[in-house]
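Take a look at the structure below.
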Amino acid sequence: MKYVVTGEPSGASRDAIMAVYPRHKVVVDAFVDRGEVVGIGPFGDGGNMAIFRSLEAAEAFTTQDPFIIEGLVGSFTIRPWLDEMLA
């Protein structure tokens with residue numbers, strides 16, 4: 001089972017988002033380097049999604065991500081994903 005974090009946009013401007021992006025990328029890269037992220041990125045119509053290998057990683061990410069901490073993500077949810085159905 002994987003865990004999906006979905007975030008809703010806060011209405012922040014692109015300039016505000018890009019100002020925080022370098023710090024966000026440092027956090028993302030640390031989770032990727034540890035193999036905890038399956039995929040991550042924005043939706044084309046706003047919001048974002050990240051897929052983690054464990055609930056612990058998903059929860060840790062939400063407490064460290066500057067986009068969430070600084071309110072650039074309006075709200076987020078963590079949901080279990082039954083990806084084994086794809087096999």
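Please treat every number below as a calculation from the coordinates, not as lab data. Everything numeric here is computed off the predicted structure, so don't read it as measured data. Neighbour counts run over all protein chains shown; Cβ positions are idealised from the backbone, glycine included.
Output yes when any residue across segment 13-23 is within 16 Å of W81 (Cβ to Cβ) and not charged (D, E, K, R), and no when none is. No.
When E56, E36 are screened for being touching a helix residue (DSSP H, G or I) at 6+ places or on another chain (Cβ under 8 Å), more than 15 Å from S10 (Cα to Cα), free of Cβ contacts under 8 Å to residues at least 40 places away in the same chain and among the charged types (D, E, K, R), only E36 passes.
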